[in-house]
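Visitor: Before anything else, here's the structure in question.
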Amino acid sequence: MPTQDTKLLQGTLDMLILKTLSVSPLHGYGIGQRIVLMSDDVLRVEEGSLYPALYRIERQGWISSEWGVSDNNLRAKFYKLTRAGRKQLQVEEENWGRLADAVFKVMRTA
Amino acid sequence: MYWLRFIRLRLRGLLRKERVEEEMDAELRFHLMMRAQENVRNGMTPESAMLDARRRFGRLDSIKDAAREIKGGGMLGTLWQDARYGVRMMTKSPVFTAIAVLTLAAGVGANTAIFSVVNAVLLKALPYHNSRRLVLVSGADQSAGPVVLSPAEAQDFASQLTTLEDFAAMQTQSINLTGGAQPERVRGAFVTANFFEVFKLLPTAGRTFTRGEDQPGAERVVVVNEGFWRSRLNSDPELADRKVILNGEPYSVVGVVPNSFRHPLDAEVEIWTTVQRFPGYSERRDARFLFGIGHLRPDVTREQAQVEADTVAARMAQAYPSESAGRVAKVELLEERTVRNIRPILLALFAAVGCILLIACSNLANLTLARGTARQKEFALRSALGASRGRLARQLLTETTLLALLGGGIGLLLAGWGTDLLLAVNPGVLPRGEVRLDASVLLFTLGVSMLTGFLFGLAPAWQLSRFDLHTKLKESGSVVGEGAGALRARSVFVVVQMALALVLLAGGALFIKSFYRLLQVDPGFKSENLLTLEYRLPRNKYVESSAQWEFHRQVVEQLRAVPGVESAALIRGLPLTGNSSSIRITLPDRETPPGGQEPQVLFNTATPDYFATIGIPLVQGRLFNDGDRLDTPAVVVVNQTLARRFWPGQDPTGKQIKFVGGDDTPATIVGIVGDAKHDWLSEEQRPQIYDCYSQSPGFFATVVVRTKVEPTSLSQAVREAVWKVDKEQPVWKVRTVESLLAYNVADKRFLMLLMVVFAGLALTITAVGLYGVVNYTVGRRTHEIGVRMALGARAADVLKLVVSQGMRLALTGVCVGLLASLALTRFIQSLLFGVSATDALTLVSVSALLGGVALLACYVPARRATKVDPLIALRHE
């Protein structure tokens, strides 16, 4: 269990959501779960940030939504990546890589 | 792409709000369930599982709010909400809504109607190339005499005025058109060859004039407009051989111009020919009949052009002292000349409708304030539920703007009908057909409506901001009494309304009185049963004076023979037709004044029976008779004013008069006739001199016939009488003198009618407003009234109480209005005739009228109050 909730930047959360959905469509709860899983329990997304982020990304057109049935037979809204979303994910991945390298470089120089 | 999605999203948030909310709820609930289930799997009890899940969600509301922010309708959404709420409120109080909308419709409608006329007449540029820079150049004497130029003078101006970039000269006249089925009269213009170039007008067929075509000796050419080409020339595409016979001579048609071109100052003109064809053209410097027209250079002002023109005129006066001594030049903008007369009328009307709108606004502000008090509980509740003051104020403003837009829409409809009515009742003062509800008018209406809505929404919105809403909510039952501020505001509104209504009533009454005075003016002749028409002889057919006189004499004879004719005569310029000419005279029996300063009198030519026919009495001496012929000494008849001016207290018969610019033979005065108005009923009496047709026949004549029967029944017979003498002689302007009289006063009548309508409207709105306020106040004070009556007050006391409170306001308003009237009515003095703008009797009577109406407006609801059963009143909250 992490000792603190890592605060995620808004842009980063968007990127993570896109990445999660690049694997397969999911509902909101599932997205949150998958992020926890994929980050080995380090990143926990608060519900208060997840849904506004989802709605925002949807407004941008990077994901689309559809009502469906979940594994346990409950009605849920599923999100999936759009073509524009896939492109955006690539862009954000590149940007993030560049940012991470730069930060890393700065931190390396003692 | 993004924007499309954005709009779609917002629209969905707007239109499918419930669905969006539901979906959001469902989604969040699902998440909650999943979390709870997971917790249970991890070993929590169902209750604590749920609790934990909820806790993780934190403030559900703020998530929803954030989501709504993204998905919802945005600002448009809240506006839409407000609007729907407003509509609901409006349907709940239909009486208020109806009154408000109708009042607004009346106010906005009247304003729009007048504005559309103002727009068409005053604001729109004339339909000419660069029309705002067009100026009219005319001449003038020291004593405001004839304002035209001679061709020689026009040429000098053309070459010497550097401040104008082009210069043409023009004049219009009725022309005889023969060669068709019937002899016709057509309105034509005589212009210099560069005329069409000044207007940058290209012909649709053929050509316009070439240089030199306006010199004597050039071919006779004419340019016609499309209407003429279609009706008289059958749209013949081959112009080359077409000729028309104008004033007895053949002219070649060389070109056609579009119908959209209206000749300046005379829209009836259908054909244009060159200047030297004008009957009476001469190369003499004092043969004056032209106006100059041209564009100011881009960097030059009218004043600069005027200064230069003055210099040129002074130069001419020096170079040609006998012809041009004392003459000055006048340069005015064409636009100015066109609107000069109607501008004050339109501005007065615009001010009047502005007042009406203000009255309507204060009416509505009052009503809305009253309602605002009643809605306090509603607003207090909403405030407690989280609505901010700004939100509530926005709600109010949205409501009032909605009302205003609705009222404005209806007002637009009314304005449409109103302008149609105005044009139908058109006294010739308004331009026909160009008054339209076009874009600027619509914008105006929209702007005025929104402004109105905003203005009268401000009052209750402001009222709202002063209340402590929470306290109001806690108070049980109704609000007892209202804030002193609101009451004061309402009182101010009533006073303002009364004052404005009084000003309008005063204006209306003044116009009524002015019109009445005008109708009472004695024109100096008897206008009933008089038929008239005009004709002009072609020069080449009647070259000799004797031939001219023979024609005129025979016409009079034929006219006398028409059954139903009591008497017939000819006059050069009939009163009230606008035909008039002046002449300078010198009197041999006294010192000659210096050149240019000789006295000027109205000049006319008449046949002997003229005075009897039209009803001007002979005061002394004799009228013309058969003994006055071309070969006998020249005789004249003068009017009383002339006699009194130059020979006060003496008998002028036998005295002599000489005309400046004519030959040097004096004419002898043989008789004095009564005074008669000439151009306007409202003019001051001017000295007049008449000579006789038998001695100076000329080409132009106006027939005057007094009939025993209804005049128009003889129209054809009178025409034929002229045709019996020459069947090819066109005649025109067949009408009765009474119609001329009506036309003469038409603009004053028009103004009066409109002002009366507006004053009546103002009075009604004000009365309704006062009634509404008193009624409402009484309704709210039912409880208090009940108490009073239970404590022994009689009906009469209650009546007195309510009425006196209302009347106090009303009378204050009347006083303020009186002061305002005294200050403001002087601006309309120029439109009034025979009555002072501060006429005491008028002001007193309208004050009394307004006071009386106010009394009635207070009395009716007050009386209702007294009918209340005290027991019911006491129970009334």
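Visitor: What's the magnitude of the charge dipole for the protein assembly as shown around its Cα centre, counting Lys and Arg as +1 and Asp and Glu as -1 at the beta-carbon? Answer in Debye, nearest 20.
Guide: Taking the Cα centre of the protein assembly as shown as origin, the dipole is about 4520 debye.
Visitor: So, one more: In degrees, nearest 10, range 0 to 90: what is the angle between the Cα axis of helix B:484-520 and the longest Cα principal axis of chain B?
Guide: 20
Visitor: What are the ³J(HN,Hα) values, in whole Hz, obtained from phi via the Karplus relation 6.51 cos²θ - 1.76 cosθ + 1.60 with θ = phi - 60°, for each residue of the range B:711-725 in sequence order, with x given for Gly and Pro?
Guide: For the range B:711-725, the Karplus curve yields x, 5, 5, 9, 3, 5, 4, 5, 4, 5, 4, 5, 5, 5, 7 Hz.
Visitor: On to the next question. Karplus couplings for the range B:441-452 from phi (6.51 cos²θ - 1.76 cosθ + 1.60, θ = phi - 60°), rounded to Hz, Gly and Pro as x?
Guide: 5, 4, 4, 4, 4, 4, x, 5, 4, 5, 4, 4
Visitor: What number does the protein assembly as shown give for Rg over Rh if you use C-alpha atoms and the Kirkwood radius?
Guide: 1.17
Visitor: Over the Cα atoms of the range B:726-877, compute the convex hull volume and normalise it per residue, giving Å³.
Guide: 168
Visitor: Turning to a different aspect of this structure: Using Cα centres only, tell me the gap between the range B:224-269 and the range A:34-66 in whole Å.
Guide: One Cα centre to the other: 82 Å.
Visitor: Follow-up. For the range B:204-291, what proportion of DSSP beta bridges, expressed in % and rounded to the nearest 5, is antiparallel?
Guide: The answer is about 65 percent antiparallel.
Visitor: 5 Å is the cut-off here: which amide hydrogens, built 1.01 Å from N in the peptide plane, fall below it relative to B:T586, excluding neighbours closer than 5 in sequence?
Guide: B:K658, B:F659, B:V660
Visitor: I want to make sure I understand the PRE zone here: with the label point 7 angstrom from the Cα of B:E528 toward its beta carbon, which residues in the range B:726-759 have backbone N atoms less than 19 Å away?
Guide: B:736-743
Visitor: On to the next question. With r as the distance between the Cβ atoms of B:W80 and B:L421 and R0 = 51 Å, compute the FRET efficiency 1/(1 + (r/R0)^6) and round to 0.05. Write down the numbers at each step before the final one.
Guide: Details: r = 38 Å, r/R0 = 0.75.
Calculated transfer efficiency: 0.85.
Visitor: I've got another one for you. Expressed as a rounded percentage, what relative contact order does the range B:647-805 have, with Cα pairs under 8 Å and six or more residues apart? Walk me through the intermediate numbers first.
Guide: Values: 46 pairs, mean separation 16.4, N = 159.
Relative CO of the range B:647-805 lands at 10 percent.
Visitor: Quick one: order B:R35, B:R288, B:R55 from most to least accessible surface, probe 1.4 Å.
Guide: Per-residue accessible area, sorted high to low, gives B:R55, B:R288, B:R35.
Visitor: Further question on the same structure: Take every DSSP beta bridge with both residues inside chain B and express the antiparallel ones as a percent of the total, to the nearest 5.
Guide: If we restrict to bridges inside chain B, about 75 percent are antiparallel.
Visitor: Same structure again: Compute the separation of the alpha-carbon centres of the range B:309-383 and the range B:164-194 and state it in Å as a whole number.
Guide: 35
Visitor: Okay, next question. For the range B:772-804, run through the trypsin sites (Lys or Arg not before Pro) and keep only the ones in DSSP coil with at most 10 other Cβ atoms within 10 Å of their Cβ.
Guide: none
Visitor: Taking every DSSP beta bridge that has both residues in the protein assembly as shown, what percent is antiparallel when rounded to the nearest 5?
Guide: DSSP beta bridges in the protein assembly as shown are roughly 80 percent antiparallel.
Visitor: While we're looking at this one, here's another question. In debye to the nearest 20, how big a dipole does the range B:728-862 give about its Cα centre with +1 on each Lys and Arg Cβ and -1 on each Asp and Glu Cβ?
Guide: Values: 11 positive and 6 negative charges, 84 e Å.
The dipole magnitude comes to about 400 debye.
Visitor: With a Förster radius of 30 Å, plug the Cβ-Cβ distance of B:E184 and B:Y743 into 1/(1 + (r/R0)^6) and report the FRET value to the nearest 0.05.
Guide: 0.85
Visitor: In addition: Give me, ordered by chain and number, the residues 5 or more places off B:R242 or on other chains with an amide H under 5 Å from its own placed amide H.
Guide: Residues meeting the amide H criterion: B:V253.
Visitor: Would you work out which of A:I17, A:V36, A:G48 lies farthest towards the positive end of the dipole of the range A:14-55, given +1 charges on the beta-carbon of Lys and Arg and -1 on that of Asp and Glu, about the Cα centre?
Guide: Of the candidates, A:I17 comes out farthest on the positive side.
Visitor: Out of residues 5 or more away from B:I271 or on other chains, whose amide H comes under 5 Å of its own, with H placed 1.01 Å from N in the peptide plane?
Guide: Close amide H contacts, sequence-distant or interchain: B:A189.
Visitor: Of all GluC sites (Glu not before Pro) in the range B:138-244, which ones are in loop regions per DSSP and have a Cβ with at most 11 other Cβ atoms within 10 Å?
Guide: B:E219, B:E238
Visitor: Apply the Karplus curve 6.51 cos²θ - 1.76 cosθ + 1.60, θ = phi - 60°, to the phi angles in the range B:679-690 and return the couplings in whole Hz, x for Gly and Pro.
Guide: Working through the residues one at a time gives 8, 10, 4, 8, 7, 6, 5, 10, x, 10, 9, 10 Hz.
Visitor: To test your reading of the geometry: what angle, between 0 and 90 degrees and rounded to tens, separates the Cα axis of helix B:389-424 from the longest principal axis of chain B?
Guide: Here the helix axis deviates by roughly 30 degrees.
Visitor: Now a separate question. Projecting each Cα onto the charge dipole of the protein assembly as shown (Lys/Arg +1, Asp/Glu -1 at the beta carbon, about the Cα centre), which of B:V353, B:L741, B:V660 comes out farthest on the positive side?
Guide: In the protein assembly as shown, that residue is B:V353.
Visitor: Taking the 0 to 90 degree range and rounding to the nearest ten, how far is the long axis of helix B:302-319 tilted relative to the main principal axis of chain B, both from C-alpha atoms?
Guide: That helix lies at roughly 10 degrees to the long axis.
Visitor: Loop only per DSSP, at most 15 neighbouring Cβ atoms within 10 Å: give me the GluC sites (Glu not before Pro) in the range B:527-571, ordered by residue number. Display every interim value, and only then the final one.
Guide: On the way: sites: B:E528, B:E534, B:E544, B:E550, B:E557, B:E566; in loops: B:E528, B:E544.
Hits after loop and neighbour filter: B:E528, B:E544.
Visitor: While we're looking at this one, here's another question. Which of rounded, prolate, oblate describes chain A, given a ≥ b ≥ c as roots of the alpha-carbon gyration tensor eigenvalues and a/c under 1.5 marking rounded, otherwise prolate only if a/b is larger than b/c?
Guide: Values: a/c = 2.46, a/b = 1.52, b/c = 1.63.
Oblate, since a/c reaches 1.5 and b/c is not below a/b.
Visitor: At R0 = 30 Å, how high is the FRET efficiency between B:L11 and B:V95 if r is their beta carbon distance? Nearest 0.05 is fine.
Guide: 0.25
Visitor: Set Lys and Arg Cβ to +1 and Asp and Glu Cβ to -1, take the dipole of the protein assembly as shown about its Cα centre, and tell me which of B:G786, B:L623, B:H552 lies farthest positive.
Guide: Towards the positive end, the residue furthest out is B:G786.
Visitor: Right, next: Relative to the Cα centre, what is the charge dipole magnitude of the range B:164-319, using +1 at the beta carbon of each Lys and Arg, -1 at the beta carbon of each Asp and Glu, and rounding to the nearest 20 debye?
Guide: 240
Visitor: A further question follows. Before I look further, what does the range B:532-689 give for accessible area per residue, probe 1.4 Å, in whole square angstrom?
Guide: 44
Visitor: Viscosity 1.567 mPa s, temperature 4 °C: what is the translational diffusion coefficient of the range B:569-689 from Stokes-Einstein with a Kirkwood Rh over Cα pairs, rounded to a whole number of µm²/s?
Guide: In µm²/s, the coefficient rounds to 87.
Visitor: If you take the accessible area of B alone plus A alone and subtract the pair, what total do you get in square angstrom, rounded to 100, with a 1.4 Å probe? Working shown, then result.
Guide: Details: alone 41660 and 7930 Å², together 47310 Å².
Buried area between the two chains comes out at roughly 2300 Å².
Visitor: Specify the inter-centroid distance of the range B:714-731 and the range B:778-824, based on alpha-carbon positions, in whole Å.
Guide: Their Cα centres are 72 Å away from one another.
The values are calculated or read from the model by the stated rules, or taken from the named source; none is laboratory data. Everything numeric in this text was worked out from a predicted model, so none of it was measured. Here Cβ is always computed from backbone atoms with ideal geometry, including for glycine, and neighbour counts include all displayed protein chains. In case anyone asks, the SASA skips ligands and DNA or RNA and just uses the protein heavy atoms, side chains included. Shrake-Rupley method; radii C 1.70, N 1.55, O 1.52, S 1.80 Å.
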